[in-house]
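**Student:** Submitted below is the structure of interest, expressed as structure tokens.
Each reported figure results from applying straightforward, stated rules to the coordinates on display, with no laboratory input. For clarity, every value in this text was computed on a predicted model and none was experimentally measured. We place every Cβ from the backbone using ideal geometry, glycine too, and count neighbours over all the protein chains shown.
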């Protein structure tokens, strides 16, 4: 059987097409929904960043014995994986006598980078016995280039770039701090 003509049953309202304004309203609603979602994501990111910064790391005094005498830094201690992964990222300033001490569970080759780190730093790599094994001077801010210890280290002290040169810090010098368990 072939249908050549179709008639809608009685009582069925005729089909009307949507006016153009309704399609625009749907588009606008979609844009508003996407903008709201982006806003929530950005807000969550800002709150997470503030919460990460709000975490107060413990501090301790780190003393390095140089030929000219002892040099002391007030260092924040990053002892957990989460704390070490953030480090000094997103910081724009730091006192000249401040630093961050990274504490690892064991001794080994250490690799750092400067991604999201705005400060140029000196990285002082320290062996398990509390002796400086190497210093990476004047690291490049925001760089993804790997900075390696070059020797086994259990601790890393980050201070402002130029500090090592200015204070005469060098490999072999003794470093003491409550977190550094010198043998």
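**Student:** Determine, for 100, 61, 94, 114, the number of other Cβ atoms within 10 Å of each Cβ, and report the residues in order from fewest to most.
**Tutor:** Working: 100 25, 61 11, 94 17, 114 22.
Least to most surrounded, the residues fall as 61, 94, 114, 100.
**Student:** Report the equivalent ellipsoid semi-axes for the range 122-172 in whole Å, largest first, defined as the square roots of five times the eigenvalues of the gyration tensor built from alpha carbon atoms.
**Tutor:** 18, 14, 7
**Student:** Once you treat every alpha carbon in the range 59-176 as an equal point and sum by Debye, what is log10 I(q)/I(0) at q = 0.16, 0.18 Å⁻¹?
**Tutor:** The Cα Debye sum returns log10 ratios of -0.66, -0.86.
**Student:** Ratio to report: Rg/Rh of the range 93-132, with Cα atoms as the point set and Rh obtained by the Kirkwood method; give two decimals.
**Tutor:** Working: Rg = 11.8 Å, Rh = 12.2 Å.
Result for the range 93-132 is an Rg/Rh of 0.97.
**Student:** Going by how many other beta carbons lie within 10 Å of each one, how would you line up 25, 113, fewest first?
**Tutor:** Going from sparsest to densest Cβ surroundings: 25, 113.
**Student:** Please report 80, 163, 56 as a ranked list, fewest other C-beta atoms within 10 angstrom at the top and most at the bottom.
**Tutor:** Ranked by crowding around the Cβ, least crowded first: 56, 80, 163.
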